[in-house]
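Worksheet for the structure shown next.
The values are calculated or read from the model by the stated rules, or taken from the named source; none is laboratory data. Remember, it's a predicted structure, so these values are computed and weren't measured experimentally. Please note: Cβ atoms are built from the backbone with ideal geometry, for glycine as well, and neighbour counts cover all protein chains shown. SASA here: full protein model, heavy atoms, side chains in, ligands and nucleic acids out. Shrake-Rupley method; radii C 1.70, N 1.55, O 1.52, S 1.80 Å.
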Amino acid sequence: MPALPRIPSKSPSESETIMTEVVYPNDTNPMGMLHGGKLMQWMDTASAVCAQTHAERIAATVSLDKVVFKSPAKIGDIITIKARITRAFNSSMEIFVQAWARKVLSRETKLINEAYFTFVALDEQAMPVAIPKVKPGTAEEKRHYKQALERKTNRNN
Ligand SMILES: CC(C)(COP(=O)(O)OP(=O)(O)OC[C@H]1O[C@@H](n2cnc3c(N)ncnc32)[C@H](O)[C@@H]1OP(=O)(O)O)[C@@H](O)C(=O)NCCC(=O)NCCS
């Protein structure tokens, strides 16, 4: 693997990515419910921006942990997606992504999905490359950081 990157560690807040979308009829099934695949596409985009901002490299999605559609989003809902890095390893990094749907009129907001994406940073030859570490600050960041190692171990077994 090439030389270590010039930035040794970064806070998760430096790469936090928030993306907003609106559910249009073309994004839904005949009952007006947002397609799961469309939501996955938006979550993948937000997490890729987060990963690439942290790594300062092009990063490719390599895996996606258990995905649960907790609640449907409907036509007209505002979708907010938040992506935050939990931990960086050598070339790979784990991104925690959450999605909420908000009704415009009532402002009712529901968590509709959350998932862990893993990205690998790539060099110019599309080979894995070392990335900056994550420096967790808050108690929640430290919890996510610690648990990320267990998830990586389980993924690779
Ligand atoms: C990304 C890619 C180059 C990595 O190649 P590879 O041969 O698996 O590389 P390595 O075995 O050296 O693993 C590199 C890292 O990926 C991690 N990794 C590999 N497969 C993984 C998986 N299924 N889940 C989680 N992490 C994985 C390894 O643990 C390692 O992490 P580390 O460097 O932080 O320790 C290759 O898997 C690839 O090109 N995949 C296709 C990516 C793609 O097309 N994505 C969709 C478009 S973005």
Net charge (Lys, Arg +1; Asp, Glu -1) of residues whose beta-carbon lies under 12 Å from that of Val62, Val62 excluded, is -1
Sparse-neighbourhood loop hits (trypsin sites (Lys or Arg not before Pro), segment 18-107; DSSP loop; Cβ within 10 Å at most 16 others) -> Lys66, Lys70, Lys103, Arg107
Taking Cα atoms only, helix 36-55 is inclined relative to the longest principal axis of the chain by an angle, in degrees rounded to 10, of 30 degrees
About its Cα centre, the chain carries a charge dipole, from +1 on Lys and Arg Cβ atoms and -1 on Asp and Glu Cβ atoms, whose size in debye to the nearest 20 is 480 debye
Over segment 9-156, with neighbouring protein chains present, the accessible area per residue in Å² at probe 1.4 Å is 52 Å²
Number of Lys pairs in the chain closer than 14 Å at Cα, excluding neighbours under 8 places apart unless interchain, is 12
